[in-house]
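The values are calculated or read from the model by the stated rules, or taken from the named source; none is laboratory data. All values derive from a computational prediction rather than experimental measurement. Cβ sites come from the backbone with ideal geometry, for glycine too, and all protein chains shown count toward neighbours. Ligands, DNA and RNA are excluded from the accessible area calculation, which covers all protein heavy atoms including side chains. Shrake-Rupley method; radii C 1.70, N 1.55, O 1.52, S 1.80 Å.
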Amino acid sequence: MITVVGAGTGSPLPEDVADGAELVVGGRRHLDAVRLPEGAERVVLGALAPALDTVARYVAKERPVLVLASGDPGFFGIVRALAERFGPGLLDVRPGVSSVAAAFARVGLPWDDAVVASAHGRDLRTAVNLCRAHPKVAVLTGPGAGPAELGAALAQDGRVLVVASALGSDEERLERVTPVEAAARDWGAAVSVVLCLDEARALGPVRSVAGPRPGPAGWALDEAAFAHRDSMITKFEVRALALARLGPRPGDLVWDVGAGSGSVAVECARLGAAVVAVEKAPDGVGRVRANAAAHGVDVRVVHGAAPAVLSDLDDPDAVFVGGGGRELPAVVSACARRARRSVVVAMAALDRVPAARAALLDAGLECDGVLLQSSRLAPLPGDVTRLAATNPVFLLWGVRPGSRTGETEEGGAQ
């Protein structure tokens, strides 16, 4: 049997917790805090694989093993690695209070509607994009992915960071700072967790399902769901296929270039992605912001002309290009060079298709496309119905070889 004990925040491990164990595995501070039985082997947890190999030798001989951890070891913790290696039936898990639960308790907020991301040993960009897209996020930090790095990435996103350090100890601190203030600090190694909050929306509605808000019941919304100018909006038939090829999901960053009304940007945000909408017309900027607010999503709007304005943006996972005029080949080329996964281009003009396709291919993307022509039901006098044709639209998409649209991020156990 492998007993896994978590030291709850504010509840230290009992000194006699290791009684009867022949192998004790844990962080140095946990091992130093308990009394080890005479003759018991002690393994300071660093690299996970060698520690698991040592555990395996004891398990094979049915000798008792104790693993000491922080907080709830089943929450982004070592329980995953142990269950994968030895099977959950061999584990006796005794959790403590997680740092996430403790941090939200300290600031007086419920966290059943919070998004929790681990940046410990993982790519920080996923956590950053979740912070951009959701009003309440807890980030478990690690070396090179702490409050300073998180703050630097979120400097323009209007969030407040609560940095919780040394939770449960005499040195416990909770500091509320702006991302810019966080970026300017050396936070040391005592940070337990960082809460990223849109304080105006930190108290969400009562929920019956924990975690981020459920995805929308539908997408490719009717054009009437958005403010737009003179029907200058990506039609829902086009939007439906564009969304399928973009594959927006939580943790992604999507650009909507030539956003117009921002209908694609808003739909991507409703599906959980962080979104930047680029629009050069001042009245268009206002419409995008109004549409995002009307649908209750965060969309960062950048006022400027592509491709020049794109240089200051973080690399996207996917890009939708809905405008560009004569600059379209240069815009598509700039987007295709930087997109991690896919670029989708909508065009009404046949003349622009070859250059856009060439730009996708020249950037090393695999290109495909379709001409979309649809006819909608429309009433006629006499209680009869006709088919009303919409303008045809070319939709091209380029996909980076090796990218895996639709799969969720996989991370190792901590």
Worksheet item: For the chain, what % of the accessible area comes from carbon and sulfur atoms, probe 1.4 Å?
Response: 52
Worksheet item: From a point 7 Å beyond the Cα of Ala294 in the direction of its Cβ, which residues of the stretch 191-218 have a backbone N at a distance under 19 Å?
Response: 216-218
Discussion item. Under 13 Å between alpha carbons, and skipping anything fewer than 8 positions from Lys235 in its own chain: which aspartates and glutamates qualify?
Written reply: Asp222, Glu223, Glu267
Practice prompt. Give the Rg/Rh ratio for the stretch 200-250, taking Rg as the radius of gyration of the Cα atoms and Rh as the Kirkwood radius, to two decimals.
Written response: 1.08
Worksheet, complete the sentence: With the charge dipole of the stretch 1-148 built from beta-carbon charges (+1 for Lys and Arg, -1 for Asp and Glu) about the Cα centre, the Cα from Ala127, Ala114, Ser70 projecting farthest to the positive end belongs to Ala127
Worksheet entry | Residue-normalised accessible area of the chain, expressed per residue, 1.4 Å probe, Å² | 48
Worksheet item: If you place +1 on the Cβ of every Lys and Arg and -1 on the Cβ of every Asp and Glu, how big does the dipole about the Cα centre of the stretch 1-150 come out, in debye to the nearest 20?
Response: 420
Fill in: Residues Asp351 and Asp186, FRET efficiency given R0 of 56 Å [Cβ-Cβ distance, rounded to 0.05]
0.50
Worksheet item: For the pair Leu371 and Glu38, how long in nm is the line joining their label points, each one 7 Å along Cα→Cβ?
Response: 8.9
Response to the item:
Between (i) 21.4; (ii) 24.7; (iii) 26.7, the structure-derived mean projected area of the Cα convex hull in nm² is (ii)
Worksheet entry | Anchor Lys61: aspartates and glutamates whose Cα lies under 12 Å away (excluding residues fewer than 8 positions away in-chain) | Glu22
Worksheet item: Which of Ala83, Ala318, Ala69 moves most in a GNM of the chain, Cα contacts under 10 Å?
Response: Ala83
Item to complete: Set the Förster distance to 41 Å, then compute FRET efficiency between Arg28 and Arg213 from the Cβ-Cβ distance, nearest 0.05.
Response: 0.55
Fill in: Axial C-alpha extent at least 27 Å, average Kyte-Doolittle at least 0.5 - helices from the chain (DSSP)
none
Response to the item:
Ranking Phe394, Phe226 from most to least accessible area with a 1.4 Å probe gives Phe394, Phe226
Discussion item. Could you tell me the calculated FRET efficiency between Ala225 and Val384, based on Cβ-Cβ distance and R0 = 22 angstrom, to the nearest 0.05?
Written reply: 0.20
Worksheet entry | In Å², nearest 10: area of Thr3 left accessible to a 1.4 Å probe | 30
Worksheet, complete the sentence: The set of cysteines in the chain having no other cysteine's C-beta under 4.7 Å reads Cys268, Cys335, Cys367
Worksheet, complete the sentence: Output ordering of 251-263, 365-377 (per-residue mean of other Cβ within 10 Å, highest first) is 251-263, 365-377
Discussion item. As I understand it, the dipole of the stretch 202-320 uses +1 on the Cβ of Lys and Arg and -1 on the Cβ of Asp and Glu, about the Cα centre. Which of Ser311, Ala265, Val297 lies farthest toward its positive end?
Written reply: Val297
Practice prompt. Would you work out the charge dipole size for the chain about its Cα centre, treating the Cβ of every Lys and Arg as +1 and the Cβ of every Asp and Glu as -1, and quote it to the nearest 20 debye?
Written response: 900
Fill in: His30 accessible area, assembled protein chains, probe 1.4 Å, Å²
20
Item to complete: Sum up the charges of everything whose Cβ sits under 15 Å from the Cβ of Ala166, counting Lys and Arg as +1 and Asp and Glu as -1, but leave Ala166 out.
Response: -1
